[in-house]
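The values are calculated or read from the model by the stated rules, or taken from the named source; none is laboratory data. The shown structure was predicted, so the numbers you read here are calculated from the model rather than taken from an experiment. As a convention, Cβ positions derive from the backbone with ideal geometry for all residues, glycine included, and neighbour counts pool all protein chains shown.
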């Protein structure tokens, strides 16, 4: 009888773990606005450790970046991210490259440094080749932008701006202005646009 | 090098469908195509044809509507996007503000296909060839004063394989030619425009015997939409059905899980709120498109379009229960958690009382 109970308990536990696993691996694992920002510690292009917790209390912008993605590169060439970051010195700006090391888009840190210097990108770019941090946030495109407020909560999730066309609205710039004034960003969510993040299959 | 065979195979059914309509159309086949704007991945142009909706028997130059479309031909493996591009990409944006008569016109989107990307991401769009109708069409003035001004349009689009390349194209079209120029090319252009319009996803009310659709929300830790299309006994049958949703401002929708149930086609679509800090409305509307249906052989006996796939589109408003994602702000209603907490407290209290009573014995 005891054995049967143990087997039943084991089965129940396995079922629960399996169910939990299925839920957490779905695309729904993305963070929502108001969620605690998933913690991370990654290496920058110079091999220095950078953790989200280093910036506790500050507004942090995360930009999913890929020099081999023409959309991400197009924004770099137009200096959209650099100009937005410069207009908001109160915020910390971090690039994250989640390209899988075996994907054709993967560039070595030295090459990424050369790209950054050519584009005038002075903010740190962190490598997330396992894709773990990208998946924790639900980063889908390059670029895909997240803003984390001083309390460590996700305050914005979406596109840098309203995209191509005559009159483009800079959503991230507007969100940072709102946060600096003690207001919630509006919109706080938009649809990110660009190349897909090149995760492992 | 674009394969002519591929072009013929994609345009073929459209052409035959258009030709099937042609005997109904007494007008000369006035039509025009704009110049292709080309790059390594794609070429794109505007096309136009005077519509069959013009007065019967009217001659060139009289009041009529000119139907327009945006046509892409794509190199193998490359695609452009549906109105909801999915996890990556973005749909083409056509700016007609320099053509005042068309300033209010917008693209219509044919039924999409699904493209799987590395890492479980997915996008929605078209490969090989797509013709987006532009609506409403151009109304030709009845008085026919002077030649019609050309259409000038700016197009921003993204073409993707695994990598994505953004392009801007300046497109032009000779509307005067679309009003006046007759010829075999006009027949083909008008046929293709008619076919792409005929194949647009239709509301269930527009097709006799289309399935009844029910939509409900299944609450739970992974809350889901459940859509059931009651196809049994109807005029349409499933041939690889797939379900797509327009972008929703409040919810992220996951990949639909399909089962062929006794009551018809059943899709379960997990979703979650995009923003936990704002209250959700009591009801919200989801716009869906169902593809991969076929007319039943019997029901289609009298229809020339029996061989073509059918797509349905509609929207449904559902009540949103007090759903919140796993991490809730204080005050968000989670009755199940509340009761679990009460049960846990009661259990601890019972254990405490039991131990106390044993000790006191």
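See the values below:
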item: Count of the range B:159-172 residues which are away from every other protein chain (no Cβ under 14 Å) and within 12 Å of residue A:70 (Cβ to Cβ); result: 0
item: 1 or more residues closer than 19 Å to residue B:191 by Cα and modelled with pLDDT of 90 or more: qualifying strands (runs of 3 or more DSSP E) within the range B:101-152; result: B:129-140
item: Some residue of the range B:173-181 being in a strand (DSSP E or B), within 14 Å of chain A (Cβ to nearest Cβ) and touching a strand residue (DSSP E or B) at 6+ places or on another chain (Cβ under 8 Å); result: no
item: Scan of the range A:170-186 for residues that are within 14 Å of another protein chain (Cβ to nearest Cβ), surrounded by 17 or more Cβ atoms within 10 Å (Cβ to Cβ) and either in contact (Cβ under 8 Å) with a residue 12 or more places away in the chain or under 28 Å from residue B:81 (Cα atoms) (or both), ordered by number; result: A:171, A:175, A:179, A:185
item: Filtered residue count, the range B:203-221, keeping only those that are surrounded by 19 or more Cβ atoms within 10 Å (Cβ to Cβ) and out of contact with any strand residue (DSSP E or B) (no Cβ under 7 Å at 6 or more places or on another chain); result: 0
item: Selected residue (criterion: nearest to the other protein chains (Cβ to nearest Cβ)) from residues of the range B:182-202 that are farther than 30 Å from residue B:115 by Cβ and buried (at least 18 other Cβ atoms within 10 Å of the Cβ); result: B:190
item: Qualifying helices (runs of 4 or more DSSP H) (wholly inside the range A:72-180; at least 2 residues being within 23 Å of residue A:33 (Cα to Cα)); result: A:80-87, A:132-137, A:171-180
item: Selection within the range B:32-49 - touching a strand residue (DSSP E or B) at 6+ places or on another chain (Cβ under 8 Å) and in a loop (DSSP other than H, G, I, E, B); result: B:34, B:35, B:36, B:39, B:41
item: Qualifying residue in the range B:144-158 (condition: closer than 15 Å to residue B:74 by Cα and within 14 Å of chain A (Cβ to nearest Cβ)); result: yes
item: Members of the range B:124-135 that are out of contact with any helix residue (DSSP H, G or I) (no Cβ under 7 Å at 6 or more places or on another chain) and crowded, with 20+ Cβ neighbours inside 10 Å; result: B:124, B:125, B:126, B:130, B:132, B:134
item: Residue B:206 being more than 14 Å from chain A (Cβ to nearest Cβ) and in contact (Cβ under 8 Å) with a residue 12 or more places away in the chain; result: no
item: Verdict on residue A:200 being modelled with pLDDT under 95 and under 21 Å from residue A:100 (Cβ atoms); result: yes
item: Among (1) under 18 Å from residue A:47 (Cα atoms); (2) under 18 Å from the mean Cα position of the chain (by Cα), the one test that residue A:148 misses; result: (1)
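Let's see how each residue does on (1) over 17 Å from residue B:200 (Cα atoms); (2) within 13 Å of chain A (Cβ to nearest Cβ); (3) in contact with a helix residue (DSSP H, G or I) (Cβ under 6 Å, 6 or more places away or on another chain); (4) surrounded by fewer than 23 Cβ atoms within 10 Å (Cβ to Cβ):
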site: B:71; (1), (2), (3), (4): no, no, no, yes
site: B:75; (1), (2), (3), (4): yes, no, no, yes
site: B:95; (1), (2), (3), (4): yes, yes, no, yes
site: B:99; (1), (2), (3), (4): yes, no, no, yes
site: B:113; (1), (2), (3), (4): no, no, no, yes
site: B:118; (1), (2), (3), (4): yes, yes, no, yes
site: B:122; (1), (2), (3), (4): yes, yes, no, yes
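Conditions (1) within 14 Å of chain A (Cβ to nearest Cβ); (2) touching a helix residue (DSSP H, G or I) at 6+ places or on another chain (Cβ under 7 Å); (3) at pLDDT 95 or above, marked per residue:
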{"site": "B:241", "(1), (2), (3)": "no, no, no"}
{"site": "B:247", "(1), (2), (3)": "yes, no, yes"}
{"site": "B:254", "(1), (2), (3)": "yes, yes, no"}
{"site": "B:264", "(1), (2), (3)": "no, no, no"}
{"site": "B:281", "(1), (2), (3)": "no, no, no"}
{"site": "B:288", "(1), (2), (3)": "no, no, yes"}
{"site": "B:297", "(1), (2), (3)": "no, no, no"}
